[in-house]
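What follows is a single structure, written as structure tokens, with notes after it.
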Amino acid sequence: DDHSELDPIYSPRVAVMYSLTTRWKFRGMWGKGFRMPTFMDRYIDWYHYQFGYTVIGNSNLKPETSEGYSVGFEYYHSSVYRVSSMVYRTYFKNMIDDYILPTSGHLSYRNIDRVQYTGAEMQGSFNMSNDWQASWGINWVNNIDMSTNDLLPNTQPFSANINITHKINILPYSYVFQLKWIGP
């Protein structure tokens, strides 16, 4: 990224996939990230008429940087099913976050000095026939402000889902039944 206010920022990413057997795969990734606050994040104050709230820009926002990695395994049987699991961790510096101003109740943006995202997920799919497919997923997330060890607002530590998809062969359509659970 080359921004007029900063020296060029490099955000490298390296990812590998290794086939352990014809059905087992190992995946790993490491990378860095960068996010410059938008013009709107910094300078625009606006009122959202439809939902009745005000957003106030913060000209003091600093750019956000991150570094993260993930590792995972996948078992894949092309015509029948696939199951995968992954764990990840990402560290943020100056994470840009929206929050409610305590004195006015308006929304604004702030930097959180150090944040850590940690998570694990498992997911799978199963072809029940040429027309029907079932898929599922389970997620655990632990997003914390490292200076206070508090969970970040709007973090949903546990969630799961089940989808059943039916493809209508004579038409270019399909429909999905979805069940989603979000833990406390």
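Laid out as a table, the results:
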{"quantity": "Span from the region 135-184 Cα centroid across to the region 38-100 one, whole angstrom", "calculated": "16"}
{"quantity": "Long-range lysine pairs (8 or more apart or interchain), the chain, Cα under 25 Å", "calculated": "4"}
{"quantity": "Calculated [θ] (222 nm, deg cm²/dmol) that DSSP helices of n ≥ 4 give over the chain, each run adding -39,500 (n - 2.57)", "calculated": "-500 deg cm²/dmol"}
{"quantity": "Column: log10 I(q)/I(0), Debye, Cα scatterers of region 71-113, q = 0.14, 0.19, 0.30, 0.31 Å⁻¹", "calculated": "-0.59, -0.69, -0.99, -1.01"}
{"quantity": "Dipole in debye (nearest 20) - region 35-184, about Cα centre, beta carbon charges: Lys, Arg +1; Asp, Glu -1", "calculated": "180"}
{"quantity": "Debye intensity ratio I(q)/I(0), log10, the chain, q values 0.14, 0.19 Å⁻¹ (C-alpha model)", "calculated": "-1.03, -1.23"}
{"quantity": "Mean Cα-pair separation over length for region 44-159, i.e. relative contact order, pairs under 8 Å, 6 or more apart, %", "calculated": "20"}
{"quantity": "Extension gain, His3 back to Ser159 (0.36 nm per residue minus Cα-Cα distance, nm)", "calculated": "52.4 nm"}
{"quantity": "The chain - percent of accessible surface contributed by carbon and sulfur, probe 1.4 Å", "calculated": "56"}
{"quantity": "Tyr173-Met29 FRET efficiency (beta carbon distance; Förster radius 41 Å; 0.05 resolution)", "calculated": "0.70"}
{"quantity": "Dipole of the chain, positive end: most advanced residue of Thr148, Trp181, Tyr99 [Cβ charges, Cα centre]", "calculated": "Trp181"}
{"quantity": "Integer Hz, Karplus 6.51/-1.76/1.60 couplings in order for region 119-135, x for Gly and Pro", "calculated": "x, 9, 9, 10, 8, x, 9, 9, 7, 6, 6, 5, 9, 10, 9, 10, 9"}
{"quantity": "Average accessible surface area per residue within region 48-184, 1.4 Å rolling probe, Å²", "calculated": "64"}
{"quantity": "Added length on full extension, which subtracts the Cα-Cα distance from 0.36 nm per residue, Tyr81 to Tyr99", "calculated": "2.3 nm"}
{"quantity": "Estimated FRET transfer efficiency (Tyr49, Leu151; beta-carbon r; R0 30 Å; 0.05)", "calculated": "0.40"}
{"quantity": "Relative contact order of region 18-84, pairs being alpha-carbon contacts under 8 Å that are 6 or more residues apart, as %", "calculated": "39"}
{"quantity": "log₁₀ of I(q)/I(0) at q = 0.13, 0.26, 0.28 Å⁻¹ - region 118-179, Debye sum with one point per alpha carbon", "calculated": "-0.52, -1.03, -1.10"}
{"quantity": "Pair Met17, Trp181: separation of 7 Å Cα→Cβ label points (nm)", "calculated": "3.1"}
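The values are calculated or read from the model by the stated rules, or taken from the named source; none is laboratory data. It should be emphasised that the depicted structure is a prediction, and the values quoted were computed from it without experimental measurement. Glycine also receives a Cβ, built like all others from the backbone with ideal geometry; neighbour counts cover every protein chain displayed. Quick note on the areas: whole protein, heavy atoms, side chains included, nothing else; ligands and nucleic acids left out. Shrake-Rupley method; radii C 1.70, N 1.55, O 1.52, S 1.80 Å.
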